[in-house]
1. Show the residue pairs meeting these rules: Cβ distance below 6 Å; 6+ apart or different chains; first residue within the range 286-310 and over 22 Å from Met216 (Cβ atoms); second residue open to solvent by 40 Å² or more (accessible area, probe 1.4 Å) and not in a loop (DSSP other than H, G, I, E, B).
2. For a quick check of your reading of the model, give me the residue pairs whose first member lies in the range 61-81 and is under 26 Å from Glu36 (Cα atoms) and touching a residue at least 24 places away in the same chain (Cβ under 8 Å), whose second is basic (Lys, Arg) and open to solvent by 40 Å² or more (accessible area, probe 1.4 Å), with beta-carbon atoms closer than 7 Å and at least 6 apart or on different chains.
3. Ile91: at pLDDT 95 or above, open to solvent by less than 70 Å² (accessible area, probe 1.4 Å) and hydrophobic (A, V, I, L, M, F, W, C), yes or no?
4. List, please: which pairs have Cβ atoms under 9 Å, are six or more places apart or on different chains, and start with a residue in the range 216-239 that is closer than 17 Å to Leu281 by Cα and end with one that is charged (D, E, K, R) and open to solvent by 60 Å² or more (accessible area, probe 1.4 Å)?
5. Within the range 270-310, work out how many residues are closer than 19 Å to Asp197 by Cβ, part of a loop (DSSP other than H, G, I, E, B), open to solvent by less than 60 Å² (accessible area, probe 1.4 Å) and at pLDDT 95 or above.
6. Considering each of Thr89, Thr112, Thr81, Thr129 in turn, give the residue that is touching a strand residue (DSSP E or B) at 6+ places or on another chain (Cβ under 8 Å) and among the polar types (S, T, N, Q).
7. Return only the number of the condition from (1) surrounded by fewer than 13 Cβ atoms within 10 Å (Cβ to Cβ); (2) farther than 30 Å from Ser189 by Cα that Arg79 does not satisfy.
8. Can you find even one residue in the range 161-168 that is more than 29 Å from Pro287 (Cα to Cα) and either open to solvent by less than 10 Å² (accessible area, probe 1.4 Å) or touching a Lys or Arg at 6+ places or on another chain (Cβ under 6 Å) (or both)?
Amino acid sequence: MARDPVTVVIRPGMGLRQIALSLRAARVIRRAWVFEVLAVSGGEARRLQAGTYALSPSMPPQVVLQRIASGEVVTGARRITIPEGWNATQIIAALAAAHLGHGQAALAAAATDPALLAAAALPAPAAGTKVALEGYLYPDTYSFSSTMSAAQILGRMLSEFDAVWTPQLAAAARANAQLDTAQTVTLASIVQREVADAAQMPLVAGIYLHRLRVGMRLDADPTVLYALGLLSQQHSLTLAQTATVSPYNTYVVAGLPPGPICNPGKAALEAVAHPAATNALYFLTDPRGRVIPADTLQQQIAHQQKYYGD
């Protein structure tokens with residue numbers, strides 16, 4: 001039975017091993033090593049060409065190899081960059097603006113389809129999740145054909161997440177943070193929105209994990225902004241907004257929200273899987289963008305007064 005094609009991007013400079021792993025991540029082939037053996041034995045290993053390809057999982061590996069070796073690329077492919085920390089609403093708007101996925105309504109419907117997560121062997125959304133695919137639409141630069149469906153486009157992004165979320169990274173998250181995949185992605189999405197500097201993400205992750213361990217609420221501003229639909233804006237919370245009734249509001253609800261609030265990049269995922277060891281329970285970001293940790297509320301207030309004078 002024929003299966004719908006998926007889009008695979010072979011970037012300039014990618015070697016045979018990288019190409020084979022990309023094809024496996026996209027589920028075009030089942031075994032990377034088989035593809036590599038075929039390429040070497042048939043002499044195509046040095047003739048594989050960069051470009052955007054539409055390849056079906058129904059194709060035999062020999063056909064996939066031949067298409068890439070002969071450069072049968074998709075015509076009319078459009079490149080689009082999805083930044084780290086965008087939420088599904090922003091991603092859908094950008095794809096629709098680029099005339100991809102057959103429009104905003106089709107993309108929005110696909111983003112709420114848990115069957116796409118199941119097809120990618122990713123966790124099912126928990127009860128109360130606003131957007132099923134939120135957190136797993138991996139931020140990267142993609143090439144998509146205008147003929148691709150919304151499900152194919154978002155499925156390609158899920159495949160990219162799957163390639164980044166390795167078994168080793170999942171094992172590290174279980175061992176170091178005692179979090180499963182869904183919990184890790186959820187916390188990583190908060191870390192992604194809290195701090196821009198990848199080098200400081202492990203510290204922020206460590207502080208939030210410390211809060212979870214001692215039973216404190218996370219009190220994370222980005223979770224409230226997500227609940228209010230304001231995450232894409234530069235917005236300061238009011239005291240009244242921190243009382244918003246929502247399962248995503250970590251000022252009100254203990255523990256993690258029901259699902260991610262944005263789509264984190266690799267650095268945020270790694271930060272949660274490998275958090276910094278810290279006794280801090282609080283932090284703020286100073287005017288230079290540095291994370292200033294505090295062990296006590298008194299220290300936090302002192303830091304607030306030092307850096308912001310209030």
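The values are calculated or read from the model by the stated rules, or taken from the named source; none is laboratory data. These numbers were taken from a predicted model, which means no experiment stands behind them. Note that each Cβ is placed from the backbone with ideal geometry, even for glycine, and that neighbours are counted across all protein chains shown. Side chains are part of the model used for accessible areas, which takes the heavy atoms of the whole protein and leaves out ligands, DNA and RNA. Shrake-Rupley method; radii C 1.70, N 1.55, O 1.52, S 1.80 Å.
1. Between residues of the range 286-310 that are over 22 Å from Met216 (Cβ atoms) and residues that are open to solvent by 40 Å² or more (accessible area, probe 1.4 Å) and not in a loop (DSSP other than H, G, I, E, B), the close pairs are Asp286/Tyr307.
2. The qualifying pairs are Ala69/Arg47.
3. Taking the combined requirement at face value, the residue satisfies it.
4. From residues that are closer than 17 Å to Leu281 by Cα, the pairs are Ala220/Arg193; Asp221/Arg193.
5. Residues meeting the conditions: 4.
6. After ruling out the rest, the residue left standing is Thr81.
7. (2)
8. Among the residues of the range 161-168, at least one is more than 29 Å from Pro287 (Cα to Cα) and either open to solvent by less than 10 Å² (accessible area, probe 1.4 Å) or touching a Lys or Arg at 6+ places or on another chain (Cβ under 6 Å) (or both), which makes the answer yes.
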